[in-house]
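This report refers to the structure that appears directly beneath it.
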Amino acid sequence: EIGVLAPANKTRPNTRRLLMHNRHGGATTALFCGPRPTDIDPLVIQQSDLVYTFEIMNADDRIRIAKNIGWDPKEFDAAALSLRRHEFLRFDANEEKPDDEANDMRLLKFKPLPEKVVKTVQAWAAGERKQPSRKAVTAGA
């Protein structure tokens, strides 16, 4: 939980080091999950190349994400509130910011995974079948 590793204003020393220096001298990979962006160090979001968001009930959380990825809060709020069950937004900081805002590919909305894909992966995770082949998983897409 990122709220334990990097609580707002109380980030632990090694986590602080990771957040401050991960873009210098080679990339570092880290995967962080947590329910409340308002409760974490802003660098967690600001230093992320990819930010995935699912249903976010709290308006302050949506504003915090938008401000930390450099997105208009009202536009991000509308995108987040439009999400249906299992849909999600992905912000990609590696995408170039276009001159034309209409073609901005940094923030995209994704549909849920097909049910067949979900069931195949769940069965594999439960030990009920061998690891699914890429072909089997993508066939449901």
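The values are calculated or read from the model by the stated rules, or taken from the named source; none is laboratory data. Only a predicted model underlies this, so the values are computations on that prediction, with no experimental measurement involved. Reconstructed Cβ throughout: ideal geometry from the backbone, glycine too, with neighbour counts over all protein chains shown. Each accessible area value is taken on the protein alone, full model and side chains, heavy atoms only, with ligands, DNA and RNA left out. Shrake-Rupley method; radii C 1.70, N 1.55, O 1.52, S 1.80 Å.
Identify all residues within segment 112-141 that are among the hydroxyl-bearing types (Ser, Thr, Tyr) and at pLDDT 85 or above; write none if there are none. I'd like the intermediate steps shown before the answer.
Pass one, segment 112-141, residues among the hydroxyl-bearing types (Ser, Thr, Tyr): 120, 133, 138.
The answer is Thr120, and nothing else.
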Evaluation of Asp61 against (1) at pLDDT 90 or above; (2) in contact with a Phe, Trp or Tyr (Cβ under 6 Å, 6 or more places away or on another chain); (3) open to solvent by less than 50 Å² (accessible area, probe 1.4 Å) (one fails), failing number: (2)
Residues in segment 70-91: is at least one assigned to a helix (DSSP H, G or I) and more than 30 Å from Pro114 (Cβ to Cβ)? yes
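The rows are residues; the columns are (1) hydroxyl-bearing (Ser, Thr, Tyr); (2) surrounded by fewer than 11 Cβ atoms within 10 Å (Cβ to Cβ); (3) over 19 Å from Phe32 (Cβ atoms).
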residue: Glu55; (1), (2), (3): no, no, no
residue: Asp77; (1), (2), (3): no, no, yes
residue: Asp92; (1), (2), (3): no, no, no
residue: Lys97; (1), (2), (3): no, yes, yes
